[in-house]
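A.B. asks: Structure incoming, see below.
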Amino acid sequence: MHSNDYVQFFDGGIEPKLENLGGKGASLVTMTSAGMPVPPGFVVTTAQFDAFMDEAGITAKIHELLAGLDPEDTRQVDQVSAAIREDICSRPVPEALRSMTIAAYESLMARFDAPVPVAVRSSATAEDLPDASFAYQQDTYLWLDGVKAVTDHIRQCWASLYTSRAIIYRLKNSIPNEGLSMAVVVQKMVNSKVSGVAITMDPTNGDRSKITIDSSYGVGEMVVSGQVTPDNIVLDKVTLAVVSEHLGDKHAELVPDAGAKGLVEREVDDERRGRRSLTDAELTAVAQMAKRAEKHYKCPQDIEWALDADLPDGENLLLLQSRPETVHSSKPAPVTAPQPVVTGGYFSGLSTPALKPTA
Amino acid sequence: MKSFPKPSELPVPAGAEGWEKIYPYYLVFQDKLKEQEDAKFWFCDSQHWPTVFKPFETIGGEFAVKCLGQYNARHLMIPNANGIEFRIHLGYLYMSPIPVPEDQIAARVPLFEQRVGHYFQNWEQLLKEWHVKVKGTIAEMETISFPKLPDMVPMEDITSGKGKDGSEKLLESYDRLIQLAYQNWQYHFEFLNLGYIAYLDFFNFCKQVFPNIPDQSIASMVQGVDMELFRPDDELKQLAKLAVELGLQPHFGNTDDVEATLGAIAAAPGGDRWLAQYEGAKDPWFNFTVGNGFYGHDKYWNVNQEIPLGYIADYIRRVDEGQEIMRPVEALIAERDRIIEEYRDLLEGENQAVFDAKRGLAATAYPYVENHNFYIEHWTMGVFWRKIRELSRMMHAEGFWTQPDDLLYLGRNEVRDALFDLVTGWGVGAKPIGPDYWPEEIERRRGIVDALKTARPAPALNTPPASITEPFTRMLWGITTEQVQQWLGAGEEVEGGGLRGMAASPGVVEGLARVVTDADQLSEVQQGEILVATVTAPSWGPIFGKISATVTDIGGMMSHAAIVCREYGLPAVTGTGSGSTTIKTGQRLRVDGTKGTVQILDAEDDLVVAGPGAHSHSHV
């Protein structure tokens with residue numbers, strides 16, 4: 001299915017605009033077009049929200065309700081919020097919009113052998129405000145199955161524009177209610193069989209020519225919490241040669257369980273425990289993805305990645321998050337100036353300008 | 001601490017008793033110096049001298065290692081490294097690098113900078129002069145000959161009042177030949193140490209800014225791509241392509257018969273054009289040996305033309321099969337440039353300028369390291385050995401020995417004596433003593449050399465230092481702390497069993513092993529096989545287009561196998577210690593040139609995989 005004004009796939013080839021896609025949606029589309037494999041999905045654009053609100057004809061009434069509110073009177077704010085959200089959730093979505101969303105969802109499901117759970121996340125357009133935390137005040141819904149759950153939760157995302165918290169925040173920061181809109185991201189839930197982090201440097205010495213990868217079975221939470229020791233592999237960033245590797249014990253894994261709508265812990269058998277959790281090809285893929293992220297963001301990155309059990313080999317590596325590596329990359333590089341001759345090493349001062357070849 | 005055996009602890013192979021006396025006194029360990037010599041760590045240079053020296057052949061080891069040392073110790077005043085002491089033990093060459101005492105290093109720094117600076121500032125001009133000097137030496141060598149002495153002095157020498165009988169010319173020719181070889185060995189190192197210095201300077205900078213950068217990456221950034229060392233092989237490829245173009249394929253059916261092959265080509269239409277190109281390629285590019293130039297038995301292409309003709313025939317077959325036989329030069333250059341650019345981009349500010357300067361210097365100076373090999377080891381030594389064989393055959397005809405090339409069983413100073421013996425006998429009109437003395441002595445020595453050949457050399461002698469930091473040793477011979485530990489059997493195990501060596505050229509390949517310990521076996525190598533050798537020679541070039549990976553016993557990141565494999569884009573693991581003795585032809589191998597491991601995939605259960613150190617005779 002192709003992207004249009006109302007529904008845009010991450011890989012739909014449309015230039016991402018914040019006002020259409022919201023911050024999260026725009027970022028996912030940007031990363032996808034930069035060759036970074038984010039979990040596949042689409043954005044229900046702000047145009048769809050706007051069209052829905054127009055059709056529902058409730059915008060004027062909402063502005064009226066919000067106009068006289070006192071941000072300190074939380075009981076009153078709660079009442080107004082509940083009324084607005086109830087209003088939004090009870091209005092029918094115009095059939096043309098609805099069918100576009102359903103077609104997009106079905107097109108996404110068609111990429112897998114069997115239907116997979118998705119996450120529905122709100123994607124606000126106001127993320128460029130000074131207080132970025134505003135962006136995270138809207139809702140995310142995980143492990144959703146089937147078209148009804150998805151469309152219901154898209155509407156709940158829309159409604160979340162008018163949670164008490166959001167209303168109070170706007171009041172306190174004098175943000176006008178006019179022109180408010182909301183995009184919604186529908187994205188495959190990652191079915192993580194192996195996951196980990198990758199840092200595009202060697203955090204032990206600040207060496208920028210390395211990529212350090214931690215990897216273990218299942219989702220990364222047991223690694224983060226220190227319950228399992230992951231495999232640790234250091235690769236050369238340019239040639240992708242393995243510089244060193246240490247196998248972790250990896251005795252347990254947390255894996256997504258669709259039935260339980262969440263994660264379950266399992267014992268890892270001896271065979272899998274004893275070997276590296278990534279094949280050579282997967283290791284190379286993680287490293288290449290980390291390199292791409294660093295190139296895209298133009299500074300060392302700390303990324304989270306996962307191998308998705310629902311996707312075929314070669315297409316199953318997903319980027320979950322990429323953020324600047326701030327702890328070590330702020331350190332100065334190990335050498336800042338030409339070294340004096342013979343400082344414990346060898347002929348370090350040789351190629352000072354006076355000794356350049358005439359060629 | 002684990003140690004290697006002391007020289008005196010190594011058993012002398014049966015039949016080799018008295019071996020010390022076939023070499024000059026200064027080349028063997030001395031009873032009176034036992035204490036000092038046992039206190040030093042010696043490693044075997046089986047990379048350059050993989051087989052037992054016949055007495056005359058020590059000349060290569062002596063000239064090469066002496067001249068290497070003189071440039072560190074006397075010309076360039078390298079601050080922290082003198083030359084390398086060397087001894088022959090049980091027929092093999094052992095080396096022990098000599099450091100500069102700590103308190104003398106600082107004083108050498110300004111001298112070193114001044115001297116090295118002169119070379120780097122005048123590189124192009126000095127290198128041009130080098131070519132003139134080296135080619136002049138070779139040209140003079142070519143003029144030397146060893147004709148049989150005449151029955152009487154020619155009449156014109158009487159009438160011109162020459163007053164000499166010509167024997168002085170024979171002695172002079174011999175002395176001059178030795179001198180010319182010595183001269184080119186001095187020239188050999190004039191730029192070699194500088195090439196290494198520039199390389200190591202860049203190497204150490206890279207290790208500072210990228211602490212764990214693989215050695216391979218550094219090599220890739222300075223290595224030449226289009227080098228003279230590859231020229232002989234490239235000439236063969238061009239000849240193969242021309243043969244296909246001219247439709248001359250049918251005449252390459254039996255290249256072992258050189259005369260018939262060349263005759264048939266000459267008679268064929270277009271054959272004259274092909275032969276003209278062939279003749280043009282011969283001089284100088286067929287002054288190329290299948291060995292390494294250090295042995296009297298090395299075979300040179302221009303003397304044994306069935307060798308290049310056989311390679312051409314093989315290339316013709318591959319061209320006819322539609323294969324691309326030329327090296328992927330453009331792709332290699334593109335990949336090299338990518339690697340340089342990506343590392344450079346990881347640096348900031350001044351470091352980028354330092355990187356550019358050091359890499360630039362290394363890239364200027366380093367190609368000599370690869371190219372010089374053709375001029376000295378192949379061309380100079382090819383002419384040298386041809387002349388020595390000529391002398392040996394002349395003396396053989398005078399009855400001095402029973403086999404044409406037996407001169408090799410004499411030391412070079414003994415040859416001088418034998419020549420004087422010859423001219424004395426001839427001069428006084430009597431029989432020289434040699435024909436009654438040498439055949440028996442040579443038989444005795446032949447027995448000793450053959451007996452010595454039955455044992456592989458210990459990789460090292462005595463107690464190794466805690467760490468090996470001397471950069472030349474590490475770079476040229478791949479002798480690292482880890483390598484020595486591997487020899488001692490204390491290295492890290494390879495997962496699934498197998499051998500560990502240097503990750504010398506990246507990539508992973510599975511295939512069947514072909515173990516080659518002698519250049520004569522090269523014709524057995526089949527398409528796609530993995531070459532397993534003690535050591536490879538540059539002249540094995542044509543084989544590298546056929547094989548899928550290389551495993552060697554000896555050598556580091558800059559050994560010939562490593563360089564050539566990177567050129568051909570083949571995985572290589574070098575310095576495994578015992579690959580050629582552990583692996584059997586036909587076994588299936590997995591060679592990981594990125595990690596530096598070799599796994600034998602179908603080793604029989606009872607085949608004990610003897611890792612590096614299997615022949616180390618280590619003593620606890």
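A.B. asks: Please compute, for the alpha-carbon atoms of chain B, the extent along each of the three principal axes and give them in descending order in Å.
C.D. replies: 81, 71, 60
A.B. asks: Neighbour counts of other C-beta atoms within 10 Å: give me B:TYR26, B:TYR187 arranged from fewest to most.
C.D. replies: B:TYR26, B:TYR187
A.B. asks: Given 0.36 nm per residue, what is the gain on full extension from B:ILE158 to B:ASP256 after removing their alpha carbon distance, in nm?
C.D. replies: Between B:ILE158 and B:ASP256, full extension yields an extra 30.4 nm.
A.B. asks: Of the GluC sites (Glu not before Pro) in region A:16-109, which ones lie in a loop per DSSP and count no more than 10 other C-beta atoms within 10 Å?
C.D. replies: Sparse-neighbourhood loop GluC sites (Glu not before Pro): A:GLU72.
A.B. asks: Using modelled backbone amide H atoms (1.01 Å from N, in-plane), which distant-in-sequence or interchain residues come within less than 5 Å of A:VAL194's amide H?
C.D. replies: A:GLY218, A:LEU307
A.B. asks: Given R₀ = 56 Å, FRET efficiency for A:ASP145-B:GLU350 by Cβ-Cβ distance, to 0.05?
C.D. replies: Efficiency for this residue pair is about 0.45.
A.B. asks: Taking the Cα-to-Cβ direction at B:GLN527 and at B:GLU441 and moving 7 Å from each Cα, how far apart do the two end points lie in nm?
C.D. replies: 5.4
A.B. asks: If amide hydrogens are placed 1.01 Å from N in the peptide plane, which non-local residues have theirs closer than 5 Å to the one on A:VAL7?
C.D. replies: A:THR45
A.B. asks: Still on this structure, please answer the following. Taking the Cα centre of region B:1-155 as the origin, how large is its charge dipole in debye, to the nearest 20, when only Lys and Arg (+1) and Asp and Glu (-1) carry charge on their Cβ atoms?
C.D. replies: The dipole magnitude comes to about 140 debye.
A.B. asks: Among B:LEU347, A:CYS89, A:THR45, pick out the residue whose Cα is farthest towards the positive end of the charge dipole of the protein assembly as shown, where Lys and Arg carry +1 and Asp and Glu carry -1 on C-beta, about the Cα centre.
C.D. replies: The residue sitting most towards the positive pole is B:LEU347.
A.B. asks: Quickly work out the A:GLN321-to-A:SER33 label distance, labels modelled 7 Å from Cα along the C-beta direction, and quote it in nm with one decimal.
C.D. replies: That separation, rounded to one decimal, is 2.6 nm.
A.B. asks: Mind giving me the FRET efficiency for B:GLU341 and B:ASP226? R0 is 30 Å, r the Cβ-Cβ distance, nearest 0.05 is fine.
C.D. replies: 0.95
A.B. asks: Please state the relative contact order of region A:157-262 as a whole percent: Cα pairs under 8 Å, 6+ residues apart? Can you show the working numbers first?
C.D. replies: Details: 156 pairs, mean separation 20.4, N = 106.
With pairs under 8 Å counted, the relative contact order is 19 percent.
A.B. asks: Compute the acute angle (0 to 90°) between the alpha-carbon long axis of helix A:18-33 and the principal axis of greatest extent of the alpha-carbon atoms of chain A; round to the nearest 10°.
C.D. replies: Once rounded, one gets 30 degrees.
A.B. asks: Taking 60 Å as R0, compute the FRET efficiency from the Cβ-Cβ separation of A:SER99 and B:VAL244 and round it to 0.05. Present the calculation step by step, with values, prior to reporting the outcome.
C.D. replies: Details: r = 65 Å, r/R0 = 1.09.
The pair A:SER99/B:VAL244 has a calculated efficiency of 0.35.
A.B. asks: Count, for each residue of B:584-595, the Cβ atoms from other chains sitting within 10 Å of its Cβ, then give me the mean as a whole number. Show your work: numbers first, answer last.
C.D. replies: On the way: counts 0, 0, 0, 0, 0, 0, 0, 0, 2, 1, 6, 4.
Partner-chain Cβ atoms within 10 Å, mean over residues of B:584-595: 1.
A.B. asks: OK, next. Once you keep just the Cα pairs under 8 angstrom separated by 6 or more residues, what percentage relative contact order results for chain B? Working shown, then result.
C.D. replies: Values: 1012 pairs, mean separation 116.4, N = 620.
Reported as a whole number, the value is 19 percent.
A.B. asks: What aspartates and glutamates does B:LYS135 reach when the alpha-carbon gap must be under 14 Å and sequence neighbours fewer than 8 apart in one chain are set aside?
C.D. replies: The reachable aspartates and glutamates, counting only those whose Cα sits under 14 Å from B:LYS135, are B:ASP283, B:GLU377.
A.B. asks: Here's a follow-up. Could you work out [θ]222 nm for chain A from helices alone, using -39500 (n - 2.57) per DSSP H run of at least four and dividing by all its residues? Round to the nearest 500 deg cm²/dmol.
C.D. replies: Working: 10 runs with 118 residues, N = 359.
Roughly -10000 deg cm²/dmol at 222 nm, from the helical runs in chain A.
A.B. asks: Let me ask another. Using 0.36 nm per residue, how much length does the chain from B:LYS207 to B:ILE105 gain when fully extended, once their Cα-Cα distance is taken away?
C.D. replies: Separation in residues times 0.36 nm, less the Cα-Cα distance, equals 34.5 nm.
A.B. asks: For the protein assembly as shown, go through all pairs of different Cα atoms, get the mean of 1/r, take its inverse, and jot down that Kirkwood value in Å.
C.D. replies: On the way: mean 1/r = 0.0299 Å⁻¹.
Kirkwood hydrodynamic radius for the protein assembly as shown: 33.4 Å.
A.B. asks: Right, something else. Taking square-rooted eigenvalues a ≥ b ≥ c of the alpha carbon gyration tensor, is region A:174-323 rounded, prolate or oblate, where a/c under 1.5 means rounded and, failing that, a/b exceeding b/c means prolate?
C.D. replies: Note, shape of region A:174-323 comes out oblate.
A.B. asks: Here is a follow-up. Of B:LYS128/B:LYS282; A:LYS172/A:LYS298; A:LYS148/A:LYS295, which ones are farther than 28 Å apart at the Cα?
C.D. replies: From B:LYS128/B:LYS282; A:LYS172/A:LYS298; A:LYS148/A:LYS295, over 28 Å: A:LYS172/A:LYS298; A:LYS148/A:LYS295.
A.B. asks: Let me ask something else. For region B:1-148, how big is the tail of P(r) above 27 Å, as a whole percent of Cα pairs?
C.D. replies: Counting every Cα pair in region B:1-148, those more than 27 Å apart make up 43 percent.
A.B. asks: While we're here: Would you mind computing, in nm to one decimal, how far apart the modelled labels at A:ILE175 and A:HIS63 are, each placed 7 Å from Cα along Cα→Cβ?
C.D. replies: 1.8
A.B. asks: Further question: Got a sec? How would B:GLU113, B:GLU279 order by Cβ neighbour count within 10 Å, fewest to most?
C.D. replies: Working: B:GLU113 20, B:GLU279 10.
If I rank by nearby Cβ atoms, fewest first, I get B:GLU279, B:GLU113.
We did not get these values from a lab; they are worked out from the coordinates using the rules stated. None of these values were measured; they are calculated from a predicted model. All Cβ positions, glycine included, derive from the backbone under ideal geometry; neighbour counts span all protein chains shown.
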